[in-house]
Amino acid sequence: PDAITVQELANRMAEKAADLVKALFKMGMMVTINQTIDQDTAELLVTEFGHNIERVSDSDADIDTTYDVDEEETLKVRPPVVAIMGHVDHGKTSLLDALRGTDVVRGEAGGITQHIGAYQIKTKGGEHITFLDTPGHEAFTEMRMRGANVTDIVILVVAGDDGLMPQTIEAINHTKAAGVPMIVAITKSDKPEFNPQKIRERLLEHEILVEAMSGDVQDVELSAKTGAGLDELIDKILLQAELLELRANPDRAADATVIEAKLDKGKGPLATVLVNRGTLKVGDILVVGTQSGRVRAMLDDKGRQIKEAGPSLPVEVLGLGGVPMAGDSLTVVETEARAREVAAYRQEMATAKRTVQAPVNLENMFSALA
Ligand code: GDP
Ligand code: MG
(Lines give C-alpha, C1' and ligand atoms only; values in the text may rest on other atoms or scores of the structure.)
(Ligands and ions follow the chains in the order given, each with its own letter.)
Protein backbone atom coordinates (compact mmCIF):
# COMPACT_ATOMS: atom_id res chain seq x y z
CA PRO A 1 0.00 0.00 0.00
CA ASP A 2 1.22 3.54 -0.60
CA ALA A 3 -0.54 5.06 2.40
CA ILE A 4 -0.19 4.31 6.10
CA THR A 5 -1.82 5.72 9.21
CA VAL A 6 0.35 7.70 11.59
CA GLN A 7 -0.50 5.22 14.33
CA GLU A 8 0.54 2.21 12.27
CA LEU A 9 3.77 3.89 11.22
CA ALA A 10 4.46 4.74 14.87
CA ASN A 11 3.90 1.09 15.79
CA ARG A 12 6.31 -0.08 13.14
CA MET A 13 8.90 2.46 14.23
CA ALA A 14 8.32 1.72 17.93
CA GLU A 15 7.80 5.45 18.48
CA LYS A 16 4.94 7.32 20.11
CA ALA A 17 2.26 8.37 17.64
CA ALA A 18 2.06 11.75 19.39
CA ASP A 19 5.74 12.37 18.60
CA LEU A 20 5.09 11.65 14.94
CA VAL A 21 2.17 14.05 14.95
CA LYS A 22 4.47 16.70 16.47
CA ALA A 23 7.13 16.10 13.86
CA LEU A 24 4.54 16.30 11.09
CA PHE A 25 3.27 19.56 12.54
CA LYS A 26 6.80 20.96 12.39
CA MET A 27 6.85 19.88 8.76
CA GLY A 28 3.71 21.93 8.24
CA MET A 29 1.20 19.09 8.27
CA MET A 30 -1.80 18.91 10.56
CA VAL A 31 -2.50 15.20 10.86
CA THR A 32 -4.15 13.14 13.57
CA ILE A 33 -2.97 9.64 14.51
CA ASN A 34 -5.72 7.89 12.59
CA GLN A 35 -5.14 9.75 9.35
CA THR A 36 -3.04 8.33 6.58
CA ILE A 37 0.09 9.87 5.14
CA ASP A 38 1.70 9.05 1.80
CA GLN A 39 4.82 7.01 1.35
CA ASP A 40 7.15 9.98 0.75
CA THR A 41 6.05 11.64 3.98
CA ALA A 42 6.37 8.35 5.82
CA GLU A 43 9.92 7.88 4.57
CA LEU A 44 10.80 11.42 5.58
CA LEU A 45 9.50 10.77 9.08
CA VAL A 46 11.36 7.51 9.39
CA THR A 47 14.69 9.16 8.57
CA GLU A 48 13.79 12.16 10.74
CA PHE A 49 13.55 9.78 13.72
CA GLY A 50 16.92 8.27 12.88
CA HIS A 51 15.63 4.92 11.65
CA ASN A 52 16.64 3.12 8.51
CA ILE A 53 14.13 2.62 5.79
CA GLU A 54 13.64 -1.00 4.97
CA ARG A 55 12.01 -1.48 1.66
CA VAL A 56 9.91 -4.58 1.60
CA SER A 57 9.89 -6.04 -1.85
CA ASP A 58 6.98 -8.29 -0.98
CA SER A 59 4.32 -5.83 0.10
CA ASP A 60 2.23 -8.71 1.44
CA ALA A 61 4.80 -9.55 4.09
CA ASP A 62 2.52 -8.28 6.85
CA ILE A 63 -1.22 -8.06 7.28
CA ASP A 64 -2.54 -4.73 6.11
CA THR A 65 -5.91 -3.73 7.52
CA THR A 66 -5.80 -0.13 6.27
CA TYR A 67 -8.67 -0.68 3.87
CA ASP A 68 -10.37 -3.42 5.86
CA VAL A 69 -13.31 -1.40 7.17
CA ASP A 70 -16.67 -2.97 7.97
CA GLU A 71 -19.73 -1.79 6.10
CA GLU A 72 -22.23 0.21 8.14
CA GLU A 73 -24.99 -2.40 7.75
CA THR A 74 -22.82 -5.17 9.23
CA LEU A 75 -22.36 -3.34 12.55
CA LYS A 76 -24.15 -4.50 15.68
CA VAL A 77 -24.17 -3.07 19.20
CA ARG A 78 -21.33 -4.39 21.34
CA PRO A 79 -20.78 -4.18 25.13
CA PRO A 80 -18.63 -1.36 26.52
CA VAL A 81 -15.10 -2.08 27.76
CA VAL A 82 -14.48 -0.30 31.04
CA ALA A 83 -11.21 0.42 32.86
CA ILE A 84 -11.01 1.45 36.51
CA MET A 85 -8.36 3.95 37.48
CA GLY A 86 -7.48 5.95 40.57
CA HIS A 87 -5.06 6.39 43.44
CA VAL A 88 -3.72 3.44 45.41
CA ASP A 89 -6.00 2.38 48.28
CA HIS A 90 -8.92 4.43 46.96
CA GLY A 91 -10.86 1.22 46.34
CA LYS A 92 -10.25 0.03 42.74
CA THR A 93 -9.89 -3.66 43.58
CA SER A 94 -12.83 -3.54 45.99
CA LEU A 95 -15.00 -1.93 43.32
CA LEU A 96 -13.96 -4.51 40.70
CA ASP A 97 -14.85 -7.28 43.16
CA ALA A 98 -18.18 -5.67 44.03
CA LEU A 99 -19.09 -5.22 40.36
CA ARG A 100 -18.14 -8.82 39.63
CA GLY A 101 -20.53 -9.78 42.41
CA THR A 102 -23.44 -8.15 40.57
CA ASP A 103 -23.11 -10.54 37.61
CA VAL A 104 -26.41 -12.41 37.30
CA VAL A 105 -24.78 -15.25 35.34
CA ARG A 106 -22.22 -15.86 38.02
CA GLY A 107 -24.99 -15.80 40.58
CA GLU A 108 -26.97 -18.49 38.76
CA ALA A 109 -24.06 -20.75 37.93
CA GLY A 110 -22.27 -20.27 41.21
CA GLY A 111 -19.28 -19.97 38.90
CA ILE A 112 -15.70 -20.02 39.96
CA THR A 113 -13.84 -16.87 39.13
CA GLN A 114 -10.91 -17.31 36.87
CA HIS A 115 -8.50 -14.42 36.81
CA ILE A 116 -7.88 -13.68 33.17
CA GLY A 117 -7.26 -9.93 33.20
CA ALA A 118 -10.79 -8.95 32.26
CA TYR A 119 -14.30 -10.12 33.01
CA GLN A 120 -17.77 -9.55 31.69
CA ILE A 121 -20.95 -9.19 33.69
CA LYS A 122 -24.56 -9.54 32.67
CA THR A 123 -26.65 -6.88 34.38
CA LYS A 124 -30.11 -7.35 35.86
CA GLY A 125 -31.47 -5.74 32.69
CA GLY A 126 -29.62 -8.28 30.52
CA GLU A 127 -26.94 -5.94 29.15
CA HIS A 128 -23.29 -6.91 29.14
CA ILE A 129 -20.35 -4.86 30.41
CA THR A 130 -16.69 -5.85 30.16
CA PHE A 131 -14.30 -4.69 32.89
CA LEU A 132 -10.55 -4.71 32.57
CA ASP A 133 -9.51 -6.49 35.73
CA THR A 134 -6.09 -4.94 35.96
CA PRO A 135 -6.39 -2.11 38.41
CA GLY A 136 -3.73 0.51 38.22
CA HIS A 137 -2.68 2.28 35.14
CA GLU A 138 -0.20 -0.14 33.65
CA ALA A 139 -2.54 -1.97 31.33
CA PHE A 140 -4.23 1.17 30.14
CA THR A 141 -1.13 3.28 29.55
CA GLU A 142 1.11 0.50 28.29
CA MET A 143 -1.40 -0.66 25.74
CA ARG A 144 -2.16 2.85 24.67
CA MET A 145 1.54 3.50 24.16
CA ARG A 146 1.56 0.50 21.88
CA GLY A 147 -1.34 1.89 19.91
CA ALA A 148 -3.98 -0.40 21.32
CA ASN A 149 -6.87 1.56 22.68
CA VAL A 150 -9.31 -1.03 23.97
CA THR A 151 -10.96 1.07 26.67
CA ASP A 152 -14.29 2.73 25.89
CA ILE A 153 -15.00 4.23 29.31
CA VAL A 154 -12.82 5.03 32.33
CA ILE A 155 -14.16 4.95 35.86
CA LEU A 156 -12.16 7.34 37.97
CA VAL A 157 -12.24 6.07 41.54
CA VAL A 158 -11.77 8.72 44.23
CA ALA A 159 -12.11 7.88 47.91
CA GLY A 160 -14.64 10.29 49.37
CA ASP A 161 -12.82 10.33 52.69
CA ASP A 162 -9.59 11.42 51.02
CA GLY A 163 -8.93 13.79 48.12
CA LEU A 164 -7.37 14.02 44.70
CA MET A 165 -4.00 12.31 44.98
CA PRO A 166 -1.06 12.08 42.55
CA GLN A 167 -2.33 8.93 40.81
CA THR A 168 -5.82 10.46 40.59
CA ILE A 169 -4.37 13.38 38.66
CA GLU A 170 -2.30 10.99 36.55
CA ALA A 171 -5.42 8.98 35.72
CA ILE A 172 -7.28 12.17 34.77
CA ASN A 173 -4.46 13.18 32.44
CA HIS A 174 -4.21 9.75 30.80
CA THR A 175 -7.95 9.64 30.28
CA LYS A 176 -8.05 13.11 28.77
CA ALA A 177 -5.11 12.31 26.49
CA ALA A 178 -6.84 9.17 25.29
CA GLY A 179 -10.07 11.05 24.65
CA VAL A 180 -12.00 8.42 26.59
CA PRO A 181 -15.14 9.50 28.50
CA MET A 182 -14.95 9.33 32.27
CA ILE A 183 -17.38 8.49 35.03
CA VAL A 184 -16.35 9.66 38.50
CA ALA A 185 -17.00 7.14 41.26
CA ILE A 186 -16.70 8.71 44.70
CA THR A 187 -16.21 5.68 46.90
CA LYS A 188 -16.35 4.74 50.58
CA SER A 189 -19.71 6.48 51.06
CA ASP A 190 -20.26 4.31 54.15
CA LYS A 191 -17.49 6.10 56.03
CA PRO A 192 -18.31 8.92 58.44
CA GLU A 193 -15.57 11.12 56.92
CA PHE A 194 -17.18 10.82 53.47
CA ASN A 195 -17.27 14.26 51.85
CA PRO A 196 -18.15 14.00 48.15
CA GLN A 197 -18.68 17.72 47.70
CA LYS A 198 -15.05 18.39 48.52
CA ILE A 199 -14.02 15.93 45.80
CA ARG A 200 -16.30 17.55 43.24
CA GLU A 201 -14.84 20.96 43.98
CA ARG A 202 -11.29 19.69 43.67
CA LEU A 203 -12.19 18.08 40.33
CA LEU A 204 -13.24 21.52 39.07
CA GLU A 205 -9.62 22.58 39.35
CA HIS A 206 -8.88 19.93 36.75
CA GLU A 207 -11.66 21.08 34.47
CA ILE A 208 -13.90 18.21 35.37
CA LEU A 209 -17.37 19.51 35.99
CA VAL A 210 -19.54 16.67 37.27
CA GLU A 211 -23.27 16.24 36.82
CA ALA A 212 -23.98 16.98 40.48
CA MET A 213 -22.55 20.44 39.79
CA SER A 214 -24.50 20.80 36.53
CA GLY A 215 -21.61 19.59 34.41
CA ASP A 216 -21.60 16.80 31.84
CA VAL A 217 -19.28 14.29 33.51
CA GLN A 218 -21.36 11.61 35.23
CA ASP A 219 -20.59 11.02 38.88
CA VAL A 220 -21.86 8.58 41.47
CA GLU A 221 -21.43 8.08 45.20
CA LEU A 222 -20.92 4.47 46.16
CA SER A 223 -19.64 2.00 48.68
CA ALA A 224 -17.94 -1.20 47.59
CA LYS A 225 -18.45 -2.37 51.16
CA THR A 226 -22.25 -2.02 51.39
CA GLY A 227 -23.01 -2.10 47.67
CA ALA A 228 -24.75 1.27 47.80
CA GLY A 229 -24.58 3.08 44.46
CA LEU A 230 -23.42 0.07 42.41
CA ASP A 231 -26.66 -0.16 40.42
CA GLU A 232 -26.47 3.55 39.73
CA LEU A 233 -22.91 3.18 38.47
CA ILE A 234 -23.96 0.35 36.17
CA ASP A 235 -26.82 2.47 34.81
CA LYS A 236 -24.42 5.33 34.13
CA ILE A 237 -22.00 3.03 32.32
CA LEU A 238 -24.83 1.77 30.13
CA LEU A 239 -26.01 5.32 29.44
CA GLN A 240 -22.49 6.37 28.47
CA ALA A 241 -22.15 3.30 26.27
CA GLU A 242 -25.36 4.19 24.48
CA LEU A 243 -24.10 7.69 23.79
CA LEU A 244 -20.91 6.22 22.34
CA GLU A 245 -22.89 3.99 19.96
CA LEU A 246 -20.37 1.17 20.34
CA ARG A 247 -20.74 -1.22 17.43
CA ALA A 248 -18.78 -3.93 15.67
CA ASN A 249 -19.33 -6.51 12.95
CA PRO A 250 -19.62 -9.91 14.69
CA ASP A 251 -19.92 -11.90 11.45
CA ARG A 252 -16.37 -11.93 10.20
CA ALA A 253 -12.92 -13.26 11.06
CA ALA A 254 -11.86 -11.89 14.44
CA ASP A 255 -9.52 -9.06 15.35
CA ALA A 256 -8.57 -8.99 19.00
CA THR A 257 -6.12 -7.34 21.39
CA VAL A 258 -3.95 -9.10 23.97
CA ILE A 259 -4.75 -7.93 27.51
CA GLU A 260 -2.20 -10.12 29.22
CA ALA A 261 -0.18 -13.23 28.44
CA LYS A 262 1.89 -15.78 30.30
CA LEU A 263 3.51 -19.17 30.01
CA ASP A 264 1.68 -21.92 31.89
CA LYS A 265 3.70 -25.03 32.75
CA GLY A 266 0.95 -27.39 31.74
CA LYS A 267 -1.05 -25.50 29.13
CA GLY A 268 1.79 -23.66 27.37
CA PRO A 269 1.46 -20.03 26.24
CA LEU A 270 -1.79 -18.43 27.42
CA ALA A 271 -3.12 -15.13 26.16
CA THR A 272 -6.13 -13.25 27.43
CA VAL A 273 -7.55 -11.36 24.51
CA LEU A 274 -10.41 -8.98 24.02
CA VAL A 275 -12.25 -9.41 20.73
CA ASN A 276 -12.52 -6.08 18.89
CA ARG A 277 -14.65 -7.27 16.00
CA GLY A 278 -15.67 -10.51 14.39
CA THR A 279 -16.04 -13.84 16.17
CA LEU A 280 -13.05 -15.83 17.36
CA LYS A 281 -13.54 -19.59 17.06
CA VAL A 282 -11.83 -22.74 18.21
CA GLY A 283 -9.72 -23.95 15.29
CA ASP A 284 -8.98 -20.44 13.96
CA ILE A 285 -5.46 -19.90 12.66
CA LEU A 286 -3.83 -16.85 14.22
CA VAL A 287 -1.07 -14.33 14.13
CA VAL A 288 -0.63 -12.59 17.50
CA GLY A 289 2.13 -10.00 17.53
CA THR A 290 5.22 -11.97 16.54
CA GLN A 291 3.63 -15.34 17.37
CA SER A 292 1.50 -17.67 15.33
CA GLY A 293 -0.78 -20.50 16.37
CA ARG A 294 -4.18 -22.09 16.22
CA VAL A 295 -6.95 -21.76 18.81
CA ARG A 296 -6.90 -25.12 20.58
CA ALA A 297 -9.34 -24.07 23.28
CA MET A 298 -10.88 -20.95 24.77
CA LEU A 299 -11.89 -20.28 28.35
CA ASP A 300 -14.09 -17.45 29.56
CA ASP A 301 -13.62 -15.53 32.81
CA LYS A 302 -15.71 -18.12 34.66
CA GLY A 303 -13.34 -20.87 33.58
CA ARG A 304 -15.85 -22.37 31.14
CA GLN A 305 -14.75 -23.77 27.80
CA ILE A 306 -16.32 -21.83 24.96
CA LYS A 307 -16.25 -22.41 21.22
CA GLU A 308 -16.86 -18.84 20.03
CA ALA A 309 -16.16 -15.35 21.31
CA GLY A 310 -17.75 -12.22 19.84
CA PRO A 311 -16.99 -8.49 20.18
CA SER A 312 -15.96 -7.17 23.64
CA LEU A 313 -15.75 -10.66 25.13
CA PRO A 314 -12.54 -11.39 27.03
CA VAL A 315 -11.25 -14.93 26.57
CA GLU A 316 -8.19 -16.94 27.37
CA VAL A 317 -6.71 -18.51 24.25
CA LEU A 318 -4.71 -21.74 24.25
CA GLY A 319 -2.65 -22.87 21.29
CA LEU A 320 -0.10 -20.17 20.58
CA GLY A 321 3.48 -20.96 19.60
CA GLY A 322 4.89 -18.45 22.06
CA VAL A 323 3.92 -15.79 24.59
CA PRO A 324 2.76 -12.51 23.01
CA MET A 325 2.84 -9.09 24.68
CA ALA A 326 0.03 -7.03 26.17
CA GLY A 327 -1.25 -4.71 23.48
CA ASP A 328 -0.37 -7.08 20.61
CA SER A 329 -3.07 -7.48 18.02
CA LEU A 330 -4.50 -10.82 17.09
CA THR A 331 -5.56 -11.50 13.52
CA VAL A 332 -7.18 -14.59 12.04
CA VAL A 333 -5.61 -15.76 8.78
CA GLU A 334 -6.47 -18.42 6.21
CA THR A 335 -3.58 -20.85 6.40
CA GLU A 336 -0.89 -21.92 8.83
CA ALA A 337 1.75 -21.13 6.21
CA ARG A 338 0.49 -17.55 6.06
CA ALA A 339 0.45 -17.29 9.87
CA ARG A 340 4.04 -18.51 10.10
CA GLU A 341 5.15 -16.20 7.30
CA VAL A 342 3.69 -13.09 8.94
CA ALA A 343 5.00 -14.05 12.38
CA ALA A 344 8.49 -14.70 10.97
CA TYR A 345 8.46 -11.36 9.16
CA ARG A 346 7.45 -9.54 12.32
CA GLN A 347 10.14 -11.30 14.34
CA GLU A 348 12.68 -10.22 11.76
CA MET A 349 11.44 -6.65 11.93
CA ALA A 350 11.52 -6.69 15.73
CA THR A 351 15.11 -7.90 15.72
CA ALA A 352 16.07 -5.26 13.17
CA LYS A 353 14.44 -2.58 15.29
CA ARG A 354 16.39 -3.61 18.35
CA THR A 355 19.67 -3.30 16.49
CA VAL A 356 18.89 0.18 15.19
CA GLN A 357 20.84 2.63 17.32
CA ALA A 358 18.38 5.26 18.41
CA PRO A 359 19.81 8.78 18.39
CA VAL A 360 20.63 9.96 21.89
CA ASN A 361 18.94 13.13 22.97
CA LEU A 362 17.54 14.43 26.24
CA GLU A 363 14.03 13.38 25.43
CA ASN A 364 14.66 9.70 24.83
CA MET A 365 17.16 9.56 27.66
CA PHE A 366 14.45 10.67 30.05
CA SER A 367 11.86 8.36 28.62
CA ALA A 368 14.35 5.52 28.95
CA LEU A 369 14.77 6.36 32.61
CA ALA A 370 11.06 6.76 33.30
P1 GDP B 1 -6.96 -0.12 45.53
O2 GDP B 1 -5.55 0.02 45.99
O3 GDP B 1 -7.44 1.12 44.84
O4 GDP B 1 -7.22 -1.35 44.73
O5 GDP B 1 -7.87 -0.17 46.85
P6 GDP B 1 -8.52 -1.43 47.57
O7 GDP B 1 -9.73 -1.89 46.87
O8 GDP B 1 -7.48 -2.44 47.84
O9 GDP B 1 -9.04 -0.75 48.92
C10 GDP B 1 -8.16 -0.13 49.84
C11 GDP B 1 -8.75 -0.19 51.22
O12 GDP B 1 -9.98 0.53 51.26
C13 GDP B 1 -9.07 -1.62 51.67
O14 GDP B 1 -8.79 -1.73 53.04
C15 GDP B 1 -10.59 -1.72 51.43
O16 GDP B 1 -11.20 -2.62 52.30
C17 GDP B 1 -11.04 -0.30 51.70
N18 GDP B 1 -12.25 0.03 50.93
C19 GDP B 1 -12.42 -0.02 49.60
N20 GDP B 1 -13.65 0.36 49.26
C21 GDP B 1 -14.28 0.67 50.40
C22 GDP B 1 -15.60 1.16 50.72
O23 GDP B 1 -16.44 1.39 49.86
N24 GDP B 1 -15.87 1.39 52.05
C25 GDP B 1 -14.96 1.18 53.02
N26 GDP B 1 -15.32 1.44 54.29
N27 GDP B 1 -13.72 0.72 52.76
C28 GDP B 1 -13.38 0.48 51.48
MG1 MG C 1 -5.81 -2.78 44.20
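The values are calculated or read from the model by the stated rules, or taken from the named source; none is laboratory data. Remember, predicted model here, so these are calculated numbers, not experimental data. Glycine also receives a Cβ, built like all others from the backbone with ideal geometry; neighbour counts cover every protein chain displayed.
Taking region 252-263 as the range and being surrounded by 15 or more Cβ atoms within 10 Å (Cβ to Cβ) and away from ligand 2 (no atom under 16 Å from the Cβ) as the test, the residues that pass are A253, A254, D255, A256, T257, V258, I259, A261.
Considering only strands (runs of 3 or more DSSP E) fully contained in region 208-289, which possess at least 3 residues that are farther than 22 Å from G125 by Cβ? Steps first, please.
Values: elements: 218-221, 255-264, 268-277, 285-288.
So the answer is 255-264, 268-277, 285-288.
Please verify whether S367 is within 24 Å of the chain's Cα centre (by Cα) and either buried (at least 19 other Cβ atoms within 10 Å of the Cβ) or at pLDDT 95 or above (or both), treating the condition exactly as stated. Here the answer is no, as S367 does not meet what is asked. For region 182-226, residues that are of a type in the set (G, A, S), out of contact with any strand residue (DSSP E or B) (no Cβ under 8 Å at 6 or more places or on another chain) and surrounded by 14 or more Cβ atoms within 10 Å (Cβ to Cβ) total 1.
Residue check: S59 meets all listed conditions (1) modelled with pLDDT under 90; (2) of a type outside the set (K, R); (3) within 16 Å of ligand 1 (Cβ to nearest atom) but one, namely (3).
Reported count of residues in region 156-177, each being in a helix (DSSP H, G or I) and surrounded by 15 or more Cβ atoms within 10 Å (Cβ to Cβ), is 7.
Matching residues to (1) at pLDDT 95 or above; (2) buried (at least 23 other Cβ atoms within 10 Å of the Cβ); (3) over 30 Å from V184 (Cα atoms):
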residue	(1), (2), (3)
K236	yes, no, no
P250	yes, no, yes
K265	no, no, yes
L270	yes, no, yes
G278	yes, no, yes
G283	yes, no, yes
M298	yes, no, yes
D301	no, yes, no
R304	no, no, yes
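Annotation note: of S214, S189, the sole residue that is within 16 Å of ligand 1 (Cβ to nearest atom) and either more than 27 Å from L313 (Cα to Cα) or modelled with pLDDT under 95 (or both) is S189.
Take the conditions (1) in contact (Cβ under 8 Å) with a residue 60 or more places away in the chain; (2) on the phi > 0 side of the Ramachandran plot; (3) surrounded by fewer than 22 Cβ atoms within 10 Å (Cβ to Cβ); S312 misses just one of them, which is (3).
Results for (1) more than 16 Å from ligand 2 (Cβ to nearest atom); (2) at pLDDT 90 or above, shown as yes or no for each residue.
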| site | (1), (2) |
| --- | --- |
| R78 | yes, yes |
| A83 | no, yes |
| K92 | no, yes |
| A98 | no, yes |
| D103 | yes, no |
| T113 | no, no |
| A118 | no, yes |
